[in-house]
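Input: a single structure, listed below in structure tokens.
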Amino acid sequence: LNTVGPLLFRGIVSDNTGNTRLARTMVSKTFPWVANLIDAPHHFQLMLKDIGGLHYFKDIIECCRQTIRFFRKSSYANAHLREKRKDLRIKTGLTSFGKTRFSTVYLSGCSLRTNMPAIKALCNANTVNLKAYHNRFVDGFANTTFCAKLDELLLILAPGAKSTMCLESTNSTVSDVYVFWLATLAELHDIITDRHNPMPNEVREDIRRIANFRWKGMIEQLPTTDVYHAGFILDPRKCLIFYLKLLEFYSLTSVLGNPGYRTSDILHCASANPLAIAPIRVNSSRQAPVPTANLPDPVRRAGQFLLGRLRIEYNDRKTPICGLREDEAVDLLKDQIGRYYRSEPPFDCPVTGDKGPREWWERLNADHSYISQPIAVCILNPLRLRWNRD
């Protein structure tokens, strides 16, 4: 870092083990402009690991693991499976389980579900014998039960596994991390609250507990909490699918005319987490404080974070923005935060084409004292998160 130059770095990302977390903290403390960030795909992987480790799913995962291992190690069985796949026009083969990439449980389960007709045909004809799990792959009640359990597992793991793959894009930003967490939690909420789901209540609560624990560790844990929140608000994009996914939890007034996440009803909720349990309020004679600002609390919270980043630019990096003094820059930033939230010019332009949030902010001319531009560009830099361990 010192060789390249610390002023060229804006963030440090790693998993949350003891040594790497300490290293991130030390770097961020030494160079305050370097944001301390947790590896988002890794955190999703940990959530999938925790869910897959529940006793309720243990047997189904072990069956999938042993079945795929059998076909991988037996050249005879593998050859017959390839031929049967050709006959049934099944294009994809079996995917092996990874050691540390826990989303492969989902990918392997999907591959087994796709190849189920071919495996059933081989087992029904006694071409292959899967020993202890053989009865689960022949026609009958055991196979029907196994397929239902497998579908249930894949349904639970799908949101986190798909979010992991999406966030591994080289264009992912801190805003995308926040959005995919909200979408994943909303999907899990749909599943565990479905009254037609035969899953036991204790398993539903375990899933809720795991998801909330990982959400808090990733999004709400200091010192990383505000950067994801601010990135979400600074993202000018409008994602109709995202709004529709959260339809059950937040009203969608004027969706098509909505300028982006900055005016989402999520910002007016007590908690953005759909799985959060509402606190119990006790009646009191004390009246609730009346807000004095015309901005929602989350927007003011993001504004405080941006002001903190601005002061770091002046006091630690010693790099004045737009040639302004610190007090002038602070006053200007406060004004521009409100204008951005209200979508006033020049913050009212839509995101066009394949442009991302960073490109939208870069179009603002820094020479015109858009003090919010360089700070937003730094926050919305692509994270380039990759989870390469297997």
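The calculated FRET efficiency for the pair ASN2 and GLN221, based on their C-beta separation and a Förster distance of 35 Å, comes to about 0.80.
A simple rule links phi to the HN-Hα coupling: the Karplus curve 6.51 cos²θ - 1.76 cosθ + 1.60 with θ = phi - 60°, which for the range 301-313 gives 5, 5, x, 5, 5, 5, 5, x, 5, 5, 5, 5, 4 Hz, with x for Gly and Pro. When we measure straight from the Cα of LYS149, which aspartates and glutamates land under 15 angstrom away, once same-chain ones fewer than 8 places off are left out? Leaving aside aspartates and glutamates fewer than 8 places away in the same chain, those within reach of LYS149 are ASP59, GLU62. One chain, two ends: SER169 and LEU22. Fully extended at 0.36 nm per residue, the span grows by 50.3 nm beyond their Cα-Cα distance.
The residues of the range 1-87 present an accessible area of 54 Å² per residue when probed at 1.4 Å with all protein chains retained. Peptides 18-24, 202-208 ranked from most to least packed by the mean count of surrounding Cβ atoms within 10 Å: 202-208, 18-24.
The label-point distance for ASN124 and MET199, in a model that sets each label 7 Å from Cα toward Cβ, rounds to 3.1 nm.
Phi-derived couplings, Karplus 6.51 cos²θ - 1.76 cosθ + 1.60 at θ = phi - 60°, listed residue by residue for the range 137-145: 10, 10, 4, x, 5, 4, 5, 4, 5 Hz, with x used for Gly and Pro. Between LYS29 and ALA148, residue separation times 0.36 nm minus the direct Cα-Cα distance comes to 37.8 nm. Inter-part distance, the range 147-183 to the range 25-93, computed on C-alpha centroids, equals 13 Å. Taking every alpha-carbon pair under 8 Å whose residues sit at least 6 apart, the range 102-185 reaches a relative contact order of 29 percent.
Heavy-atom accessible surface of the range 107-228, averaged per residue, reaches 42 Å², computed with a 1.4 Å probe. On the range 131-242, 59 percent of the accessible area sits on carbon and sulfur atoms, based on a 1.4 Å probe.
In plain terms, the chain from CYS378 to THR92 could stretch by 98.8 nm, reckoned as 0.36 nm per residue minus the Cα-Cα distance. A protection proxy built from the mean count of other Cβ atoms within 10 Å ranks the segments 105-114, 79-88, most packed first, as 105-114, 79-88. With θ taken as phi - 60° and the Karplus curve 6.51 cos²θ - 1.76 cosθ + 1.60 applied, the whole-hertz 3J(HN,Hα) list for the range 117-127 is x, 5, 5, 4, 4, 5, 6, 4, 8, 6, 6 Hz, x standing for glycine and proline.
The values are calculated or read from the model by the stated rules, or taken from the named source; none is laboratory data. Fair warning: this is a prediction, and the values are worked out from it, not measured in the lab. Ideal geometry is used to build each Cβ from the backbone, glycine not excepted, and the neighbour counts take in all protein chains shown. With ligands, DNA and RNA removed, areas are computed over all heavy atoms of the protein, side chains included. Shrake-Rupley method; radii C 1.70, N 1.55, O 1.52, S 1.80 Å.
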